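The structure under discussion appears below in the form of structure tokens.
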Amino acid sequence: MNTYEYKSLAELLDLTDKYTLPLSKVVILREMEESEKTESTILDIMDKRLDVFYESIQTGLHDTTQSVSGLVGGDAARLATAASILLGDVSRRAAVYALAINEANAKMFRIVACPTAGSCGIVPAVILAVAEEKKYERPSCIQAFFTAAGIGAVIARNACVAGAVGGCQAECGTAAAMAAAAVVELCGGTPVQAVQAATLCLKNVLGLVCDPVAGLVEVPCVKRNGFFAVHALTAAEMALAGIVSVIPPDEVVSAMYEIGRAMPVSLKETSEGGLARTPTGKAISERLEKAMREQ
């Protein structure tokens, strides 16, 4: 049976309306249909992933050594211990956690790709920062991750989530959209508000290129996770205030896909353009290539 099948954000919202369910519950029910697993089994799988998210934050914060390339490491701890000047508590914590998780990825610690390794910090950072600030319990966090998964699944189906295909709008953009929707539901927003948060988030990331220096998921990827965690919170705040996107959700997803198709190959994870081809970017690449030859 495909009672809870959805192929678009509009169809996902229709199901929440038809059955008077939150987004997360529809996503769980659809996963039960597809996997033929029980709800308790599916929730247990997500619960175990939540342990990995927490582990990634801690390893990223406490291991302040540099990555093998020497390009990243210690920035999450630096931001966590610096005096707070501009950001509020939730935004600051989300930025710290996002940096930590992506630094953990750069140093080959365990992470959960959500939706990709290069954007792995955004969704857990935003959900867990909000949950800690608002004192939401673990089951609520698990539900929020399913909301994020539902948004990501639709974008993956109708556009893409890989930087090599659609640029970083597809990676960090999708992750931020997932996170924005998740925390709207976490904070008691409606399914429509959650989808609007994802839409507002994604439409303001359109055109973001994927230009990793030396082909590594480090620069600008790690800091980009921190920036887009805060971006997701901004979109969520707007949606909870009743702000909506003029362009409908599924049209925004389609626009992202078309922009990705039009984007030059040099700006899609090939390291042939953007920051990777700046004088410093090229010098770093040459240094690392030389180091590899000498090993």
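Data overview
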| item | result |
| --- | --- |
| Single residue of the stretch 4-24 satisfying the filter (in a helix (DSSP H, G or I) and touching an Asp or Glu at 6+ places or on another chain (Cβ under 7 Å)) that is surrounded by the fewest Cβ atoms within 10 Å (Cβ to Cβ) | Ala10 |
| Hey, Val209 touching a residue at least 12 places away in the same chain (Cβ under 8 Å), surrounded by 24 or more Cβ atoms within 10 Å (Cβ to Cβ) and not small (Gly, Ala, Ser) or not | no |
| Matching residues in the stretch 264-295 - criterion: being hydrophobic (A, V, I, L, M, F, W, C), in contact with a Ser or Thr (Cβ under 9 Å, 6 or more places away or on another chain) and closer than 13 Å to Asp211 by Cβ | Ala276, Ile284 |
| Filtered residues of the stretch 50-64 (kept if hydrophobic (A, V, I, L, M, F, W, C), under 15 Å from the mean Cα position of the chain (by Cα) and closer than 18 Å to Asn225 by Cα) | Phe53, Ile57 |
| Hey, Ser245 without any contact (Cβ under 8 Å) to a residue 40 or more places away in the chain, more than 18 Å from the chain's Cα centre (by Cα) and open to solvent by less than 50 Å² (accessible area, probe 1.4 Å) or not | no |
| Residue satisfying condition, being farther than 15 Å from Ala180 by Cβ and aliphatic (A, V, I, L, M), within set Ala117, Ala129, Ala148, Ala125 | Ala117 |
| Options Val217, Val192; residue that is under 20 Å from Val72 (Cβ atoms) and either at pLDDT 95 or above or not hydroxyl-bearing (Ser, Thr, Tyr) (or both) | Val217 |
| Hey, Glu36 surrounded by fewer than 21 Cβ atoms within 10 Å (Cβ to Cβ) and at positive phi or not | yes |
| Given (1) more than 18 Å from Leu9 (Cβ to Cβ); (2) open to solvent by less than 70 Å² (accessible area, probe 1.4 Å); (3) out of contact with any Leu (no Cβ under 9 Å at 6 or more places or on another chain), index of the condition Ser254 fails | (1) |
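The values are calculated or read from the model by the stated rules, or taken from the named source; none is laboratory data. For clarity, every value in this text was computed on a predicted model and none was experimentally measured. Cβ: placed from backbone, ideal geometry, glycine included. Neighbour counts: every protein chain shown. In case anyone asks, the SASA skips ligands and DNA or RNA and just uses the protein heavy atoms, side chains included. Shrake-Rupley method; radii C 1.70, N 1.55, O 1.52, S 1.80 Å.
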